[in-house]
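Every number in this text was worked out from the coordinates using simple rules, so none of it is lab data. Owing to the predicted nature of the structure, the values given are computational and were not obtained by experimental measurement. Cβ atoms come from the backbone with ideal geometry, glycine included; neighbour counts cover every protein chain shown.
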Amino acid sequence: MSDNETADSKTIHSRFAGKVDAVLSALEAEGALPAGSPRENVTVEPPRDASHGDLATNAAMVLARQAKTNPRELAGKIVEKIAADPVVESAEIAGPGFINLRLSDSAWLAELAAVKVLGNDYGRSTLGSGSTVNVEYVSANPTGPMHMGHCRGAVVGDALAALLEFAGHTVVREYYVNDAGGQVDVLARSAHLRYREALGEDIGAIPEGLYPGEYLKPAGEKLARELGDRFAEAPEEEWLQAFRMHAVEAMMELIKADLAMLGIHHDEFASEAALQTARKPEEAEKWLRKHDLVYDGVLEAPKGKTPPEDWEPVELPLFRSTKFGDDQDRPIRKSDGEWTYFGADLAYHMQKAEKVDALINIWGADHTGTVKRIKAAVAALSEGEGKPIPFDIKLVQMVQLMRDGEPVRMSKRSGNFVTLADVVREVGKDVVRFTMLTRKPEAQMEFDFAKVVEASKDNPVFYVQYAHARISSTLRKAAAEDLVPSADRLDLLGAEEIALVRQAAQFPRIVEAAAKAREPHRIAFFLYDLAAELHAFWNLGNDNLEKRFIVAQNRDLTRARLFLAEQIGQVIRNGFSLLGVEAVEEM
């Protein structure tokens, strides 16, 4: 290989971005481009139509105005220089000034060698430049075990956090514990009922309005052991606060255990109750009033011909949501002075924004109506403090559980939903995680217990895992025959093998694009496409023995193909690691 083809810490797209940058610098030195022409919008990426070449750049389109020329003329100057590169087979001007490049096979083989050099770091990026991003996900109310309604957001958030870290960000994984609302009082009363049951009382049917699930029995038994019977007949005001604390603690232990089954662990658990104790909502309200974003006013009557009989106009502190496109201003406190969810969320986000460079929330689709106003409030708070904070909210649709085409029945343990733990025990963590990322989070999803474990191309989980298992099996078989992967004769690889390398080489670019878009499902889509290429090449060997990875009479070609297989396996593992999925060795 020439100096241009040696494997280093750069991947093919970053290497050619560097080559294009060097050409632009040379044109500046010659006076064809003004010195210091901004290049941040110059891209080097595959063309939309693969028949146009291997890479394309918009450099001439972006910089023609600074050069005071038309894009095609500037493109001609760029092409003249970059075509001299020994690994560029052709450089052509397309349309109004795009430049399409076709690369030699040696360029792709250098990329294959780069995968070997970089190993687990292949695809890792410095895109984030160490900026700190807070990713808040799950944040289920601490009133019971995790259920499948929480699962998709949990997986999307966790995979996004891993993706952002791989792309160079520092990531804080956060869970917001809603432990200050009325639902926690209901939890405490439900725990008290189970406490009395543990003391031997026949509690009968669970009263309506309390949580019926059996998951509270262990909490009740623990409370009975620790507290004895002194609160069995006591009035509520004597035990409610203590039972709130104990019940929330028990439920969070349960939730953490359920999340651990999915391989999910948070860095921080932020308490709404602690937030209010620290008077953070008051601080936020004071700042908003100072900037005329909160005022005392009366909400409009509920829409309809006549207001409900029990409706009374009440003056409340209102956030100016209409200033940011909402249909009405929103209260941050209730009539009894307690904070609304929106008011508490304001303070919570204000606290988060003080510590990081960007915020990302993974919410259920039922929060759609809150997105615009919470983003507006955070923008007002952060900009007012002189530190504008990028804030992105990803909405995740619910998952419909199916078995043999019918909705799955509810769980006895939970009382009214299917628990995450039950699903993971049945099909496994990897199946659950990968399946949750096989569709865009905003799209509806069905999770069919039969289909997610089906051994077919129609099951993405199986299809990608099988690709890695095939590679592992091939490498084991080769080792038994004293055949080891080698890069010594990669020039023996042909067009089909190069096509496989081209597909694998998209991984670093996909990582950066997925990180920028905050879309970890792009990694799952990439892995499926890569698996398809691997299976297609494998199937060539069914009809032609010369196309198999192991060709007994040609050891040099075999060792080159084994090297190819080894690196494709590495790329699959790197992708799986971002999704929190284990790459299996055999199936």
Q: Give the angle, between 0 and 90 degrees and rounded to the nearest 10, that separates the Cα long axis of helix 217-227 from the longest principal axis of the Cα atoms of the chain.
A: 60
Q: Please name whichever of V20, L103, P34 sits farthest to the positive end of the charge dipole of segment 3-103, dipole taken about the Cα centre and charges placed at Cβ: Lys and Arg +1, Asp and Glu -1.
A: P34
Q. Which number do you get for Rg(Cα) / (2.2 N^0.38 Å) in the chain?
A. 1.18
**Q.** Counted charge near K547, where neighbours are those whose Cβ lies closer than 12 Å (Asp, Glu -1; Lys, Arg +1)
**A.** -2
(Q) Cut-off under 18 Å on the C-alpha distance; same-chain residues fewer than 8 positions from K429 excluded. Which aspartates and glutamates are left, in chain and number order? (A) D158, D258, E446, D448, E454, E582, E585, E586
**Q.** Highest to lowest packing among 52-61, 441-450, scored as the average C-beta count within 10 Å
**A.** 52-61, 441-450
Q.
Taking R0 as 41 Å, what FRET efficiency do you get between R476 and K440 from their Cβ-Cβ distance, rounded to the nearest 0.05?
A. 0.65
Q: Consider a paramagnetic label point 7 Å from the Cα of E268 along Cα→Cβ; state which residues of segment 364-388 have an amide N under 18 Å from it.
A: 378-379, 381-383, 385, 387-388
Q: Convert each backbone phi in segment 121-128 into a coupling constant with the Karplus relation 6.51 cos²θ - 1.76 cosθ + 1.60 (shift: θ = phi - 60°), then list the ³J(HN,Hα) values in order as whole Hz, x for Gly and Pro.
A: 8, 5, x, 5, 10, 9, 3, x
Q: Work out the FRET efficiency for D336 and M587 from their Cβ-Cβ distance, taking R0 = 60 Å, and round it to the nearest 0.05.
A: 0.55
**Q.** Pairwise label distance in nanometres, S25 with E238, each label 7 Å out on the Cα-Cβ vector
**A.** 8.0
Q) Near the amide H of V396, under 5 Å away, which other amide H atoms are found, from residues 5 or more places off or on another chain, if H is placed in the peptide plane? A) W363, G364, A365
Q: Using R₀ = 41 Å, calculate the FRET efficiency as 1/(1 + (r/R₀)^6) where r is the Cβ-Cβ separation of R225 and D366; round to 0.05.
A: 0.60
(Q) What does the extension gain come out to for E354 and R102, with contour length at 0.36 nm per residue minus their alpha carbon separation? (A) 85.9 nm
Q. What's the center-to-center distance, using Cα atoms, between segment 230-279 and segment 334-382 in Å?
A. 22
Q.
What does DSSP give for segment 278-396 in terms of the percent of beta bridges that are antiparallel, rounded to the nearest 5?
A. 55
(Q) If I fit a long axis through the Cα atoms of helix 105-118 and take the longest principal axis of the Cα atoms of the chain, what angle between them do I get, 0 to 90°, rounded to 10? (A) 40
Q | Table column - 3J(HN,Hα) (Hz), segment 242-249, Karplus curve with 6.51, -1.76, 1.60, x for Gly and Pro | A | 5, 5, 4, 4, 5, 5, 4, 4
Q: Once you have the Kirkwood Rh of segment 278-396 from its Cα pairs, apply Stokes-Einstein at 10 °C and 1.306 mPa s and quote D in µm²/s.
A: 105
Q) Between R489 and V314, what length in nm is gained on full extension when 0.36 nm per residue of separation is reduced by their alpha carbon distance? A) 54.9 nm
Q: List the residues of segment 555-587 whose backbone N lies under 16 Å from a point placed 7 Å from the Cα of V453 along the Cα-to-Cβ direction.
A: 587
Q: In debye, nearest 20, what is the charge dipole magnitude of segment 414-552 about its Cα centre with +1 on Lys and Arg Cβ and -1 on Asp and Glu Cβ, if you could check?
A: 360
Q: Calculate the all-directions average of the projected area of segment 460-579's alpha-carbon convex hull, and give it in nm².
A: 7.3
(Q) Please enumerate, by chain and number, the lysines with C-alpha under 28 Å from the C-alpha of K290, excluding those fewer than 8 residues away in the same chain. (A) K280, K323, K334, K352, K355, K372, K375, K387
Q. Shape call for segment 452-517 from the C-alpha gyration tensor, a ≥ b ≥ c root eigenvalues: rounded (a/c under 1.5), prolate (a/b greater than b/c) or oblate?
A. oblate
Q: In whole angstrom, note down how far apart the Cα centers of segment 453-474 and segment 532-587 are.
A: 12
Q. Each residue of segment 92-103 in turn: what ³J(HN,Hα) in whole Hz from Karplus with 6.51, -1.76, 1.60 and θ = phi - 60°, glycine and Pro shown as x?
A. 10, 8, 10, x, x, x, 5, 10, 9, 10, 10, 9
Q: Mind putting a number on the dipole of segment 1-115 about its Cα centre? Charges go on the C-beta only, +1 for Lys and Arg and -1 for Asp and Glu, and I need it in Debye to the nearest 20.
A: 460
Q. Taking the Cα atoms only, what angle lies between the long axis of helix 460-480 and the longest principal axis of the chain, rounded to 10 degrees?
A. 50
Q.
Report the number of Lys pairs in segment 3-103 whose alpha-carbons are under 15 Å apart, with separation of 8 or more residues or on distinct chains.
A. 4
Q. Given labels modelled 7 Å from the Cα in the Cβ direction, how far is it in nm from S90 to A257?
A. 6.5
